[in-house]
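One structure is given here, and the rest of the page talks about it.
Please treat every number below as a calculation from the coordinates, not as lab data. Quantities reported herein were computed from a predicted structural model and do not represent experimental measurements. As a convention, Cβ positions derive from the backbone with ideal geometry for all residues, glycine included, and neighbour counts pool all protein chains shown.
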Amino acid sequence: MSAQTRTSALIGAATPWLKSVVDLIYPRNCLFCSEPLAETERGVICAACLGTVKFIEPPFCCRCALPFAGATTENFVCGYCKDLEFHFSRAVAACRGDGVVRESIHRFKYNREMYYGPHLAEWLANAAKQWIDWNQVDAIVSVPLHPRKKRAREFNQAEYLAVALRRVFQVPVLDRNLRRVKETVTQTSLHAKERTANLRDAFATRDAQVLAGKRLVLVDDVFTTGATMDSCAKVLLKAGAEDVIALAVARGV
């Protein structure tokens, strides 16, 4: 056994012990309820708080993923989508955008608390595995930030999520082809029509040939009215994409 191999083996054997010592001196606590995390609990949220996450299960709108409170076994289109024409074929969302989910996204995105990222990625991947046939997907695209906003935030949360999906499903991410060419005001306080107007001509593609004929999954952290993803999907289809599925961690309800 080489010296390098012996060293690697020693480090590997010592890692669990070192982690136990660190946890004893600096115990990990849930960032929501402050209860100590068990050694087997991954991440920064305890099992009890994770248990409050409301995953989106059927029945939900087959176009925008809005959950439906009634009992039905048939596909349905909600009242919001009934008179709208989206450019993505359908939307998939992992969770309702409230409580622990909403707060995790905000802390991750605006405070750069990156330790929430694995939780968001896990929720997203579980929904993607359940509701998307990845044998029918050619590539993943993330909703881009304007360069100025990305420099201020120092990362793009949608890119982070797209890369996490690539690791799970082994589908390539088309980096930097879809871009935001117009700096827009935040969508948070805008109504549906205002959001659409705000995003008019906000996106463009660099190389249409890369997108031609591709079946794409478009990724973002939150789906509310669908205006952002619809604007992106419109540009992707115009560039020659065959289909776009919108995928988000949270569905605003």
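Table for the structure above
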read-out: Amide H partners (placed H, <5 Å) of residue 218, local residues excluded; value: 141, 245, 246, 247
read-out: Of 54/214; 150/234; 82/234; 129/149; 82/150; 129/182, those spanning more than 29 Å from alpha-carbon to alpha-carbon; value: 54/214; 129/149; 82/150; 129/182
read-out: Exposure proxy order (Cβ contacts within 10 Å, fewest to most) of 231, 104, 142; value: 231, 142, 104
read-out: Footprinting exposure proxy for 106, 87 (fewest neighbouring C-beta atoms within 10 Å first); value: 106, 87
read-out: Calculated FRET value between residue 209 and residue 103, using beta carbons and R₀ = 35 Å, to 0.05; value: 0.25
read-out: Exposure proxy order (Cβ contacts within 10 Å, fewest to most) of 223, 60; value: 60, 223
read-out: Sequence-distant residues sharing a close amide H with residue 93 (under 5 Å, placed H); value: 248
read-out: Added length on full extension, which subtracts the Cα-Cα distance from 0.36 nm per residue, residue 110 to residue 163; value: 17.1 nm
